[in-house]
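Let me begin by presenting the structure, written as structure tokens, before commenting on it.
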Amino acid sequence: MSDRNDRYSTRISNMRASEVRELLKLLDQPGIISFAGGIPDPALFPTDAIQQAYNDILSENAGAALQYSVSEGYRPLREWLAQHMASLGVDCTIDNIIITTGSQQALDYIGKLFISPGDTILTTWPTYLGALQAFNAYEPNYDRLTPDGGNTTPDEYKKHAEQAGGQVKLAYLTADFSNPTGETIGLAERSKLIELAHDLDIPLIEDAAYRSLRFDGENAPSMLALDIKRQGDIDKTRVIYSGSFSKTLTPGLRVGWVCAAKPIISKLVLIKQAADLHSPTINQMVIHHVAERHFDQQVEKARASYRQRRDYMLQALQRYMPDGVTWTKPEGGMFVWMTLPEHMNGAELLAKSIKEIQVAFVPGGAFHADGTGKNTIRLNYSLPDAEAIDTGMSRLGKLIKLEMTAA
């Protein structure tokens, strides 16, 4: 078939290649120091435990592991997750949980469930690029969500959405150590956002991919836990919690979950039945096997490693960056967000950086729903070691200083 635009659905025009995924190809190029991907350190993966889990499962229960299964997910894993959510202050049952093929699939399903063409999504500026990619397929508009409440009232949000041709359908954010900024939303702001969601009668999507990776500071309750406290029952809440094992155990098995009110879960099950029937059973069984035995120690190992690398990066930024450049100081997660002088362009800087100093990062404009934020970049510290961080920041600092001087 010829590659004619009129042959495709209108939604395909909203789908763009991920700048992050494209930049990951640079990891295979010799000499490139990459701060581009949000990639866990493979040295931290519980490889022996995963190998043992596959061996045990295939020797003892191969029939179930290799067979079709229920769309909700492997029951023992959902039982473990119900206990895990309880440790976060979320009182739920396995009927409040569905297993997804990574949290990225959860975002796609949530978009499919709630968004009609022309509807409005409220999200922070900047926000997770993968969420924008997942939601864009459903042809939405975006309005700016300000965690401190801002000056936009619920009625104004509704008016903006109507003028854009739809309704406000959902709010999306990462409350803990966000991708891309590394910032965390405070307790008071979380309560305001929940209040806004109730005023607008919309779901609030809590992307909790990095929640376990706290290094410093006070641990704020999850937004789902806060809404349960407010409503008295998870089935009366409007927060939808999206979790993942990718940052704690391993990303390659692609196991995530959604915890929410039963009516939401039942509809996500219908979507999953139509999309892929169920996530791979053997991967779910392996994740359960490993999580049940090693989750807490794996989390502590990841925290210790990433805390040290975060410290290396913040120290290197302090040493090498010129005046006029600022950055976030995350209490956890995997990212530092850098703001350059207004006249600088992160994408243009990246092109020069790769060509001249062999350092990669992600330009910040990709994380803004409206394409703004050109003078920002995202730096990842979870994969490079101390030497790479020091060398990379030294090179990048010199390049930025030259660009500032040239302007």
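Details
- Residue list for the stretch 247-272, given a label point 7 angstrom along the Cα-to-Cβ vector of residue 233 and an amide N cut-off under 13 Å: 261-263
- The Cβ shell under 15 Å around residue 173 holds other residues with a net charge of -3, Lys and Arg each +1, Asp and Glu each -1.
- Projecting the Cα atoms of 346, 265, 334 onto the dipole axis of the stretch 262-388, where Lys and Arg carry +1 and Asp and Glu carry -1 at the beta carbon, places 265 farthest toward the positive end.
- Placing one equal scatterer on every Cα of the stretch 140-219 and applying the Debye formula, the log10 ratio I(q)/I(0) at q = 0.11, 0.14, 0.19, 0.20 Å⁻¹ is -0.32, -0.50, -0.85, -0.92.
- Charged-residue dipole, Cβ positions (Lys, Arg, Asp, Glu), the chain about Cα centre, Debye nearest 20: 480 debye
- Annotation: amide H of residue 141 within the under-5 Å range of 118, 119, 120, 121, sequence separation 5 or more or interchain, hydrogens built in the peptide plane.
- Positive-end residue of 288, 381, 255, charge dipole of the chain with Cβ unit charges: 381
- Over 29 Å between alpha carbons, listed pairs 169/229; 169/262; 112/301; 329/398; 272/301: 112/301; 272/301
- Charge dipole (Cα centre; +1 on Lys/Arg Cβ, -1 on Asp/Glu Cβ; no other charges) of the stretch 272-407 amounts to roughly 140 debye.
- Anchor residue 158: aspartates and glutamates whose Cα lies under 17 Å away (excluding residues fewer than 8 positions away in-chain): 119, 143, 195, 199, 201
- Modelled label reach - residue 342, point 7 Å along Cα→Cβ, the stretch 385-407 residues with backbone N closer than 20 Å: 401, 403-407
- Nonlocal amide H pairs with residue 327, under 5 Å, H built at 1.01 Å: 339
- The calculated Kirkwood hydrodynamic radius for the chain is 22.2 Å, given to one decimal from all distinct C-alpha pairs.
- Rule-of-thumb Rg ratio for the stretch 337-378 [Cα; 2.2 N^0.38 Å; N residues]: 1.08
- When the convex hull of its Cα atoms is projected in every direction, mean area for the stretch 69-191 (nm²): 8.7 nm²
- Principal axis dimensions, largest first and in whole angstrom, of the stretch 146-193 by Cα: 33, 20, 14
- Farthest toward the positive end of the dipole of the chain, out of 133, 29, 221, is the Cα of 29, where the dipole comes from beta carbon charges about the Cα centre.
- Rg(Cα) / (2.2 N^0.38 Å) computed for the stretch 61-294, rounded to two decimals: 0.99
- Local net charge near residue 285, Cβ-Cβ under 15 Å (Lys/Arg +1, Asp/Glu -1): -1
- Amide proton proximity set for residue 362, modelled H, under 5 Å, gap of 5+: 378
- For the stretch 219-306, the Cα-based Rg and Dmax, in that order, read 15.3, 41 Å.
No value in this document is a laboratory result; all are computed from the given coordinates. These numbers come from a predicted model, not from an experiment. When we count neighbours, we look across all protein chains shown, and the Cβ atoms used for this are built from the backbone with ideal geometry, even at glycine.
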